[in-house]
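Just dropping this structure here.
The values are calculated or read from the model by the stated rules, or taken from the named source; none is laboratory data. Keep in mind the model is a prediction, meaning the values are calculated, not measured. Glycine also receives a Cβ, built like all others from the backbone with ideal geometry; neighbour counts cover every protein chain displayed. Areas reflect the complete protein model, heavy atoms only, side chains present, ligands, DNA and RNA absent. Shrake-Rupley method; radii C 1.70, N 1.55, O 1.52, S 1.80 Å.
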Amino acid sequence: MPELPEVEIVCRGLNEAFVGHRLTGVIRRFGQLRWPIPDDLERSILGAPPVEGAGILRSVQRRSKYLLLGFDTGTLLIHLGMSGTLRRLPAQAATRAHDHVDFVFGDQVLRFNDPRRFGAVLWWAGTGAGAAATGSHALLRRLGVEPFSAAFTGRLMYEATRGRKVSIKQALLAGAIVVGVGNIYASESLFRARIRPTTAAGRISRPRYDRLAVAIRETLSEAIAAGGSSLRDFVASTGESGYFQLQCFVYGRQGQPCRICGTPVRAIRQQQRATFYCPSCQKA
Ligand SMILES: [Zn+2]
């Protein structure tokens, strides 16, 4: 499943490849994703009658795992779901199974493929394009803060978790405090912050949350850096693991020696998800 670092790389790729270019058409082949792809998407983007500057892609931003493509007429929301990919291809490139929709930009296309169809392509009409305009969209309204925003701090996590008995790992995965901390990143960030994943979120001190905020940013930054070097010519997600070649401290290393202290790494399950930690380095 594409995770935040992968979506961030796609966002950067879209910025480089398509911003400033003019969309000339939409080819919708299969409409049924998580929600139906609107059948009047081309008309919505270009305007009817076409507006001044119709179709020029003004901006691409990421909010959590949503890609927000801003046009003068509104914003296209794309989510890669479990298996979605976006590729930049020559307009005449042959299609394959599960190519749901093409966004045609002259002689090249941005092609959305999604075998499992949990992805989404939606239109948000509104004045002003981009993240600010879509902040009130039902899908985006309740999301936690962005991990790289100034709003994400140890203090925020500390205040949001007072009195809460849920484990810190589940609190991170829920996405209501901070977005983008997927299963691997939760285990890795908690290791770096030396916090046991089962610890009740409400029992963690402010200094430990400060450390965790730093650890989350570092872990995600490293994954993005790894992804940036693995994707070049096309805008894509691998559609496979969704995780870049992160050098893991604990994730997937059950029974192997902790890279810091040598204690065997332990694996448990929390809410049906695998959790890995070092029983010596990480304190409850
Ligand atoms: Zn250790």
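Just subtract the alpha-carbon distance of F148 and R29 from 0.36 nm times their residue separation and send over the number in nm, one decimal.
Working: separation 119, 0.36 × 119 = 42.84 nm, distance 3.63 nm.
Once the chain is fully extended between F148 and R29, it gains 39.2 nm.
Residues in region 15-44, backbone N under 13 Å from the label point at D107 (7 Å along the Cα-to-beta-carbon vector): list them, ranges by number please.
Those under the cut-off are none; the list is empty.
Return the percentage of antiparallel bridges among DSSP beta bridges fully within the chain, rounded to the nearest 5 %.
If we restrict to bridges inside the chain, about 95 percent are antiparallel.
Next question. Could you give the length gained by full extension between Q270 and R43, i.e. 0.36 nm per residue of separation minus their alpha carbon distance, to one decimal place?
Numbers: separation 227, 0.36 × 227 = 81.72 nm, distance 4.63 nm.
Length gained, Q270 through R43: 77.1 nm.
State to the nearest 20 debye the size of the charge dipole of region 1-126 about its Cα centre, where the only charges are +1 on K and R beta carbons and -1 on D and E beta carbons.
Numbers: 16 positive and 13 negative charges, 61 e Å.
That gives a dipole near 300 debye.
Then there's this: Hey, rough spin-label estimate for V166 and A125, points 7 angstrom out along Cα→Cβ, what's it come to in nanometres?
Here the answer is 3.6 nm between the modelled labels.
Accessible area per residue of the chain at 1.4 Å probe, in Å²?
On the way: 12970 Å² over 284 residues.
Per residue, the chain has 46 Å² of solvent-accessible surface.
Taking 7 Å along the Cα-to-C-beta vector as the label spot, tell me the A226-A93 distance in nanometres, rounded to one decimal.
2.5 nm
A follow-up question, please. How big is the chain by Rg and Dmax over its Cα atoms, in Å?
For the chain, the Cα radius of gyration and maximum Cα-Cα distance read 20.5, 67 Å.
Quick one: compute the contact order of the chain, relative version, from alpha carbon pairs under 8 angstrom and 6+ residues apart, as a percent.
Details: 597 pairs, mean separation 56.0, N = 284.
The value is 20 percent.
Turning to a different aspect of this structure: Order the peptides 92-105, 62-75 from the highest to the lowest mean number of other Cβ atoms within 10 Å of their residues. It would help to have the intermediate numbers written out before the result.
Numbers: 92-105: 15.8, 62-75: 22.1.
Most protected by this proxy first, the peptides run 62-75, 92-105.
Now, a different point. Using a basic spin-label model with each label point 7 Å from the Cα along Cα→Cβ, how many nm lie between R116 and I56?
So the two model labels end up 3.9 nm from each other.
Highest mean first, how do 167-177, 181-191 rank when packing is the count of other Cβ atoms within 10 Å averaged over residues?
The peptides rank, most packed first, as 181-191, 167-177.
Further, regarding this structure: I'd like the projected area of region 43-194, averaged over all directions, using the convex hull of its alpha carbons. Report it in nm² with one decimal. Show your work: numbers first, answer last.
Working: hull surface 45.7 nm².
If you wrap the Cα atoms of region 43-194 in a convex hull and average its projections, you get 11.4 nm².
Another question, then. Evaluate the charge dipole of the chain about its Cα centre and quote only its size in Debye, nearest 20, assuming +1 on the Cβ of each Lys and Arg and -1 on the Cβ of each Asp and Glu.
Roughly 1640 debye, rounded to the nearest 20.
Size of the dipole of region 67-196 about the Cα centre, Lys and Arg at +1 and Asp and Glu at -1 on the beta carbon, nothing else charged, in debye to 20? Numbers along the way, then the final one.
Values: 16 positive and 8 negative charges, 177 e Å.
Dipole size: approximately 860 debye.
Let me ask something else. Based only on Cα atoms, what Rg/Rh ratio does region 1-72 have, Rh being taken as Kirkwood's radius? Numbers along the way, then the final one.
Working: Rg = 13.4 Å, Rh = 13.5 Å.
With Rh from the inverse mean 1/r over Cα pairs, Rg/Rh is 0.99.
Taking all protein chains in place and a 1.4 Å probe, what share, in percent, of the accessible surface of the chain do carbon and sulfur account for? It would help to have the intermediate numbers written out before the result.
Numbers: 6560 of 12970 Å².
Carbon and sulfur: 51 percent of the exposed surface of the chain.
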